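Asker: Handing you this structure, nothing more for now.
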Amino acid sequence: MNQEHFGFLDEYAKKEVRRATLKAVAIPGYQVPYSSREMPMGRGFGTGGLQLTLALIGRGETLKVIDQGSDDSVNAVNLRSFIEMTCPGIHTTIRTEQADLIQSRHRIPEKPLREDQLLVLQVPYPDALVVVEASEDRRKLLHGEADYSRLLVKLYEDIVKFSEITISHRYPTRINGHYVIDPSPIPRWDVPKLHNSPALILLGAGREKKIYAVPPYTQAEPLAFEDVPFRVEDFSDEHGQRRSCVRCGCNSSFLDEYVDSATGEQVYRCSDSDWCNQQLEQQQGVEQAVEVANG
Amino acid sequence: MDEVLSVRGLSKRYGQGCPACYELTGPRFETNLCPRCGSVVAAHDVSFSLYQGEILGIMGESGSGKSTAVKCLYFDEPPSAGSAEFFDQGEAYQLFDLNNAQQRRLANQRFGMVYQNPHLGLNFDISAGGNIAERLLMSNVDNYAQIRQRAISLLSRTEVLAERMDEMPRNFSGGMQQRVQIAKALATNPPLLFLDEVTTGLDLSVQAAILDLILEIQQQSRTSMIVVTHDLGVIRLLADRTLVMKYGRVIESGLTDQILEDPQHAYTQRLVASAL
Ligand SMILES: Nc1ncnc2c1ncn2[C@@H]1O[C@H](COP(=O)(O)OP(=O)(O)OP(=O)(O)O)[C@@H](O)[C@H]1O
Ligand SMILES: [Mg+2]
Ligand SMILES: [Zn+2]
């Protein structure tokens, strides 16, 4: 790779992403348009997040890339090796606490982020209003006036039909008391982590050419009713007992559900693989955990 | 009596317009189409006052500009000229000088609109109760139980069974859809209601029941209303005062009884005679 093209994008494109990012931080939750570049992978494969990462990471900094909580999935591996290849001099890690910049799809790490860390979320659909208003011009007016009554009507209809709010991902969340964002397909579990996050959270939609932000220590309130509050996923079993991860035993993390191919039973495992590994390490001592990570 | 709305010189022209538009259209020329430039002068120089608790009728044949006048006041269409002042809770609003957000706030919270076509007034993708909820949510009511309660009481007031509030509007008869539209319009207790041909196309018995409901609302809530219709019977029953429009102009106005008993304009005379 050509040293002059650190970060794959040309300097003009990187500056544009940075300018859009500054504006996004200045207007929390507002979708800032930018001229999303063609990347050597299909839009929809995290190109929005990737452009943010490429424009923001610098030599000597440490990167973590996850997809659905895992560092090892094909998408995460591909993105990580692309960034490593085009950004010589950066380090990579799978450990949340070691990363300066974390690019993620569908999850926010379980381990609380710090002020000196930056989280980049990949976004397929940036506009929370798209489900209730097809015209982008009219959506802009609604955003401008913070008129989210039609989203609330959807919640109302949900409660009428199912006695609860059934939205599982992309939960509409009001940032800093005005703009409602689509926080990307993170589970409800992760939505409270947006609120007053010490770390800057940037969201990038490549196909839709939008960048928006939840700046540090900014209010993030999921839309709900005064008497039907927002709730995260409930991992209790039929006896009201909190389920735990079959691998590490953690009973406070977001769990993925699997069917054990041997027994046919439903089992649960931490969705955040680094978290799961670190829980194991604590229990088993460091040497064994390294084996687990390598094997 | 307290004035609620003061409309002065309201005009609406569709088309690029020319200096002759207003001079060469109207009842005298028996057209609303400008012969020079082809613009439609849908309404011109409409002026009236509306007082608290009053029902003002706007009557006239098809195409005379009745709906146009109301659409401008409800911000569905921008007017070409004129002013309208709305007096509410000690404030006066120059309607056409407000910005879009202010206009939408008034339309959502202080006005109600009921259209002839329920598809214009109701969202057919959400339940009857959801339609009412939408208006309440726009006014920042954010308690689910309160919204349910209010929707039930509005629907029972307009005689829609509360059991049916979670059904989709398409399941309802035309008369029921109008009742849901009226309930939605009333959701925020607006002091001003626009009703555009709300009974047109309904069975006579259904029409009578809805007209009764409108009178009851006026008497109970002292809501001011503008009722648009081409039906003399509706005017006779509802309107305290009436404007008669033709080719975009008001050709006669006054107390409804007077207009019906002693119409001044030849057109009104024929209209009244034919309805007897
Ligand atoms: N968007 C538009 N573009 C051009 N002309 C229009 C438009 N809307 C209405 N008009 C014309 O303006 C005139 C007045 O229309 P309006 O709908 O106000 O009549 P109306 O009195 O309500 O009639 P009706 O009893 O049929 O509802 C008509 O000639 C109509 O064709
Ligand atoms: Mg009409
Ligand atoms: Zn003309």
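Asker: Can you go through B:Ala101, B:Ala133, B:Ala107 and tell me which one is farther than 29 Å from B:Leu260 by Cα, under 17 Å from the mean Cα position of the chain (by Cα) and part of a helix (DSSP H, G or I)?
Answerer: Checking each option against the conditions leaves just B:Ala107.
Asker: Which one of the conditions (1) within 14 Å of chain B (Cβ to nearest Cβ); (2) within 30 Å of A:Glu281 (Cβ to Cβ) does A:Pro222 fail to meet, given that it meets all the rest?
Answerer: (2)
Asker: Let me ask something else about it. Restricting segment B:79-109 to residues that are within 14 Å of chain A (Cβ to nearest Cβ) and among the hydrophobic types (A, V, I, L, M, F, W, C), which is surrounded by the fewest Cβ atoms within 10 Å (Cβ to Cβ)?
Answerer: B:Ala101
Asker: While we're here: Does any residue of segment B:145-154 turn out to be away from every other protein chain (no Cβ under 14 Å), assigned to a helix (DSSP H, G or I) and modelled with pLDDT under 95?
Answerer: yes
Asker: Can you tell me which residue among A:Ile83, A:Ile66, A:Ile108 is farther than 30 Å from B:Leu122 by Cβ, assigned to a loop (DSSP other than H, G, I, E, B), more than 14 Å from chain B (Cβ to nearest Cβ) and touching a residue at least 12 places away in the same chain (Cβ under 8 Å)?
Answerer: Just a single option satisfies the conditions, and that option is A:Ile108.
Asker: Answer with yes or no whether B:Gly53 is in contact with a Pro (Cβ under 6 Å, 6 or more places away or on another chain) and more than 14 Å from chain A (Cβ to nearest Cβ).
Answerer: Answer is no for this residue.
One line per residue, one yes/no per condition, for (1) of a type in the set (Gly, Ala, Ser); (2) away from chain A (no Cβ under 14 Å); (3) away from ligand 1 (no atom under 16 Å from the Cβ); (4) over 17 Å from the mean Cα position of the chain (by Cα):
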position	(1), (2), (3), (4)
B:Leu202	no, yes, no, yes
B:Val206	no, yes, yes, yes
B:Ile214	no, yes, yes, no
B:Ile226	no, yes, no, no
B:Asp240	no, yes, yes, no
B:Glu252	no, yes, no, yes
B:Gln258	no, yes, yes, yes
B:Gln264	no, yes, yes, yes
B:Thr268	no, yes, no, yes
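Asker: So the check is Cβ under 7 Å with 6+ separation or different chains; which pairs have a first residue in segment B:85-99 that's of a type in the set (Asp, Glu) and a second one that's in a loop (DSSP other than H, G, I, E, B)?
Answerer: B:Asp88/B:Arg110; B:Asp88/B:Pro191
Asker: If a residue counts only when it is more than 16 Å from ligand 2 (Cβ to nearest atom), which strands (runs of 3 or more DSSP E) contained entirely in segment B:1-92 have at least 2 such residues?
Answerer: Result: B:3-14, B:40-51, B:81-88.
Asker: Which ones in segment B:1-51 are among the acidic types (Asp, Glu) and away from ligand 3 (no atom under 14 Å from the Cβ)?
Answerer: Of everything in segment B:1-51, those that are among the acidic types (Asp, Glu) and away from ligand 3 (no atom under 14 Å from the Cβ) turn out to be B:Asp2, B:Glu3, B:Glu30, B:Asp45.
Asker: Here's another thing I want to ask about it. If B:Ser127 satisfies every condition in (1) more than 7 Å from every other protein chain (Cβ to nearest Cβ); (2) at negative phi but one, which is the exception?
Answerer: (1)
Asker: Hey, can you tell me all the residues within segment B:190-236 that are in contact with a Leu (Cβ under 9 Å, 6 or more places away or on another chain), surrounded by fewer than 22 Cβ atoms within 10 Å (Cβ to Cβ) and assigned to a loop (DSSP other than H, G, I, E, B)?
Answerer: Those that are in contact with a Leu (Cβ under 9 Å, 6 or more places away or on another chain), surrounded by fewer than 22 Cβ atoms within 10 Å (Cβ to Cβ) and assigned to a loop (DSSP other than H, G, I, E, B): none in segment B:190-236.
Asker: Report the residue count in segment A:143-199 for those that are within 14 Å of chain B (Cβ to nearest Cβ) and polar (S, T, N, Q).
Answerer: 2
Asker: Within segment B:19-68, how many residues turn out to be more than 30 Å from B:Leu260 (Cβ to Cβ), more than 10 Å from ligand 1 (Cβ to nearest atom) and surrounded by 15 or more Cβ atoms within 10 Å (Cβ to Cβ)?
Answerer: Residues flagged as more than 30 Å from B:Leu260 (Cβ to Cβ), more than 10 Å from ligand 1 (Cβ to nearest atom) and surrounded by 15 or more Cβ atoms within 10 Å (Cβ to Cβ) within segment B:19-68 amount to 4.
The values are calculated or read from the model by the stated rules, or taken from the named source; none is laboratory data. Note that this is a predicted model, so its numbers are computed, not measured. Because the Cβ atoms are built from the backbone with ideal geometry, glycine has one as well, and the counts that use them run over all protein chains shown.
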